[in-house]
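Take a look at the structure set out below.
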Amino acid sequence: MDEISEEDQLDRQLREAAPYIDDNGFTARVLQQLPAPRRTRRSFRGAVLLAAALLASALAYVASDGGRFLIVAMERLVTLPTEWLFALALGSGLLVMTAGAIAAIAKASELQS
């Protein structure tokens, strides 16, 4: 944490020391010679992605016999004994907690380096 605050102080000091360096119009000339930015059609890309997602969803629905696998899975869960349901809930909770802890540790080590 001390390294981050030292970097912030150094950055602030460097910004305050020389707010602008006169370059006799060099930056303006370079910017004028750059080509104009190209405009891309993002709406077309979004439409293609949306259509592909809808098509994949429809295909998965049809291939799964109209979502029947969800009904069968729920039916199996309902008929499980209480001890198995408790073990399933505990196991999935531990799995999610472990994944969250690993992600937090990875993010903390990323911020430190």
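Any read-out appearing in this document is the output of simple, stated calculations on the displayed coordinates, not a laboratory observation. None of these values were measured; they are calculated from a predicted model. Cβ atoms come from the backbone with ideal geometry, glycine included; neighbour counts cover every protein chain shown.
With the Cα gyration tensor of the chain in hand, convert its eigenvalues to equivalent ellipsoid semi-axes via √(5λ) and list them largest first in whole Å.
54, 32, 7
Excluding the sites themselves, what is the longest stretch of the chain that contains no trypsin sites (Lys or Arg not before Pro) in a DSSP loop with at most 10 other C-beta atoms within 10 Å?
Of all site-free stretches, the longest is 42-113.
For LEU90 and GLU110, FRET efficiency with R0 = 30 Å and r from the beta-carbon atoms, rounded to 0.05?
0.50
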